[in-house]
Amino acid sequence: MADEPKGLARNLTNYGDSEFSIYLRRSFAKSMGYSSEILKRPVVGIATAASGFNNCHRSTPELVDAIKRGVLASGGLPIEFPTISLGEAFLSPTSMMFRNLMAMDVEEMIRAQPMDSVVLVGGCDKTLPAQLMGAISAGIPFIHLQVGPMMTGRYQGERMGACTDCRRFWVRFRKGEIDAAEIETIEVTLATTAGTCAVMGTASTMACITETLGLSLPGTAAIPAVHADRLRAAEATGRRAVTLAAEQLTPDKIVTKGAVENALRMLLAVGGSTNAIVHLTAIAGRAGIPVSLTRLNELSDTTPVLVDLKPTGANYMEDLYAGGGVGAVLAELKPLLDLDCRSVAGETLAERLARGVGYVDHSIVRRFAEPYQAEGGLVALFGNLAPKGAILKRAAADPTLFERHGRAVVFSSLEDLAKRIDDPGLDVTADDFLVLKNAGPLAVGMPEAGYLPIPAKLLRQGVKDMVRISDARMSGTAYGTIVLHVAPEAAAGGTLALVETGDRIELSVKNRRIDLAVDAAELERRRKSFVAPTPPERGYRRLYFDHVLQADQGCDFDFLTRR
Ligand code: FES
């Protein structure tokens with residue numbers, strides 16, 4: 001069999017004459033000032049997701065410069081190209097709706113353009129999962145480089161970091177404890193540098209998962225965005241991308257069942273974001289590896305929370321970096337991990353850990369025998385209200401609310417919630433369960449609306465937490481006794497669609513159950529009045545509506561996940 005084309009000769013434009021295609025391509029490349037000699041080098045694509053609408057990726061240009069330095073030093077030719085960028089706070093109705101669009105962009109641009117390997121630079125919540133999903137499907141060797149987390153800011157002597165502290169102060173503002181002038185002052189102290197949110201939110205969780213999967217260089221996940229070490233990591237990533245291409249270390253050799261289970265353990269041990277289970281399911285799905293919520297529960301029972309970071313604990317990502325990073329967590333989890341998994345560095349996890357992990361601050365990364373919490377951060381719940389599962393972040397919830405029966409107070413949509421939640425006449429007590437319907441993937445792209453606000457009148461009475469249930473997601477930086485990702489969602493005709501105010505709901509975290517205590521005949525009667533949503537007329541939103549899978553399957557498109 002003839003050798004695969006390399007470098008600029010890969011993926012030729014089809015004019016019906018391949019010699020003409022490469023001649024024309026070289027000619028056009030030379031219009032950018034490249035010499036004949038450098039055009040013979042292996043090509044390392046650098047997929048960037050910089051955008052004026054993405055604050056988290058502000059440092060991308062200097063990272064790209066450092067990656068290019070590494071590629072050139074190792075004999076490769078770095079070529080940067082843009083993809084869609086998903087800035088979490090700048091997209092309507094929600095960035096989640098566009099994760100699959102970005103994954104398609106990444107996959108197709110890797111596949112269509114001439115490159116032997118690719119470095120993907122990103123980090124904001126949906127960007128990183130989209131990059132991994134697309135690159136795994138494209139199948140050529142790749143390395144991910146996260147932009148890194150923000151540093152903390154200060155407000156009146158207190159450390160502040162997006163976005164757990166954003167929510168804490170917003171609750172105080174809603175309670176009337178601080179006024180509009182103060183909340184505006186606080187606004188400028190929450191996100192003070194380039195980089196992703198400073199706590200163990202979705203972006204940080206996904207960064208830790210990416211390193212654990214073996215898809216970024218060891219030791220890089222927690223380096224702050226503005227730290228010089230991140231530039232050195234970028235240079236090393238560029239260097240490694242050249243040899244990775246020569247070794248043909250493709251993602252199918254890295255993203256194995258063992259690597260996915262290791263990543264699930266990491267998610268649980270860092271007290272990570274609920275969103276990460278959806279993203280990891282979608283990422284593993286691109287490699288043909290199913291992630292089951294039942295298995296999540298098994299792992300959760302045997303994986304303690306080891307990392308003391310907000311929103312579960314008290315610290316920030318910069319502390320995790322100084323305290324030993326992902327390597328320190330892996331070392332504590334070692335007896336539970338598949339040590340044969342290989343990373344983009346070319347070594348196995350056993351080889352990585354055999355080198356030692358250096359200094360560890362055990363007040364940040366607890367020892368396995370003295371964990372921060374004895375059990376994993378997330379659990380899946382099942383029952384007639386969520387036959388395909390729902391997720392609760394028990395690490396950031398109030399355990400006194402775990403074994404409860406409650407009266408449902410139902411909101412039929414996000415609009416209904418916004419209209420009535422602070423109505424002084426709302427019939428609600430602290431013992432009720434707030435239920436939000438029609439906020440799932442089919443309905444509105446599954447926004448981070450599952451952190452239902454405590455009704456203002458209860459807030460003023462000092463209520464800090466209530467059971468809240470929805471088919472929405474929740475920001476990884478949020479906290480509370482919040483049941484999310486109910487599947488099937490209301491808009492898909494799930495039982496959630498049939499809940500009415502006044503119904504009893506039974507929650508048992510111990511038994512992993514969530515049930516609607518309404519008899520089957522009554523539910524059947526209600527089901528006759530269910531009205532399915534109207535599909536959007538055209539474009540990407542129609543594609544999304546027709547093909548998005550439910551949360552338990554990662555919300556990927558049915559035609560993109562590998563069966
Ligand atoms: Fe980008 Fe939080 S907004 S990571």
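Among the residues of region 400-420, those identified as in contact (Cβ under 8 Å) with a residue 12 or more places away in the chain and open to solvent by 30 Å² or more (accessible area, probe 1.4 Å) are E403, R404, H405, R407, S412, L414. Inside region 382-421, residues that are part of a loop (DSSP other than H, G, I, E, B) and under 28 Å from the mean Cα position of the chain (by Cα) make up a count of 7. If you check G493 against the conditions, is it within 12 Å of K437 (Cα to Cα) and surrounded by fewer than 19 Cβ atoms within 10 Å (Cβ to Cβ)? Judged against the criteria, G493 is a match. The combined condition, being farther than 29 Å from H227 by Cα, of a type in the set (A, V, I, L, M, F, W, C) and open to solvent by 10 Å² or more (accessible area, probe 1.4 Å), is fulfilled by M104. In region 1-48, of all residues being among the acidic types (D, E) and modelled with pLDDT under 95, the one that is surrounded by the most Cβ atoms within 10 Å (Cβ to Cβ) corresponds to E4. Of all residues in region 169-195, those that are under 22 Å from P311 (Cα atoms) have Cβ atoms under 7 Å from Cβ atoms of residues that are away from the ligand (no atom under 16 Å from the Cβ) and basic (K, R), 6 or more apart or on another chain, in K175/R460; I178/R172; T189/R154. Only one of the listed residues (G480, G502, G462) is exposed (fewer than 15 other Cβ atoms within 10 Å of the Cβ), modelled with pLDDT under 95 and on the phi > 0 side of the Ramachandran plot. That residue is G462. Picking from residues in region 1-51 that are touching a residue at least 60 places away in the same chain (Cβ under 8 Å) and in a helix (DSSP H, G or I), the one that is farthest from M115 (Cα to Cα) is R25. If the condition is being open to solvent by 10 Å² or more (accessible area, probe 1.4 Å) and either touching a residue at least 12 places away in the same chain (Cβ under 8 Å) or aromatic (F, W, Y) (or both), then region 286-310 contributes A287, G288, I289, V291, L293, T294, R295, N297, D301, T302, D308, K310. If the condition is being open to solvent by 10 Å² or more (accessible area, probe 1.4 Å) and β-branched (V, I, T), then region 197-219 contributes only T212. Here is a check on your reading of the model: is L77 among the hydrophobic types (A, V, I, L, M, F, W, C) and either within 16 Å of the ligand (Cβ to nearest atom) or under 19 Å from the mean Cα position of the chain (by Cα) (or both)? Judged against the criteria, L77 is not a match.
The helices (runs of 4 or more DSSP H) found wholly in region 311-381 and carrying at least 2 residues that are open to solvent by 50 Å² or more (accessible area, probe 1.4 Å) occupy 317-322, 349-354.
Taking each residue of region 122-141 that is open to solvent by less than 10 Å² (accessible area, probe 1.4 Å) and looking for partners that are within 16 Å of the ligand (Cβ to nearest atom) and of a type in the set (D, E) with beta-carbon atoms closer than 7 Å, six or more apart or interchain, yields C124/E88.
The values are calculated or read from the model by the stated rules, or taken from the named source; none is laboratory data. Because the structure is a prediction, the values reported are computed rather than measured. Cβ atoms come from the backbone with ideal geometry, glycine included; neighbour counts cover every protein chain shown. These accessible areas exclude ligands, DNA and RNA; they are computed on the full protein's heavy atoms, side chains included. Shrake-Rupley method; radii C 1.70, N 1.55, O 1.52, S 1.80 Å.
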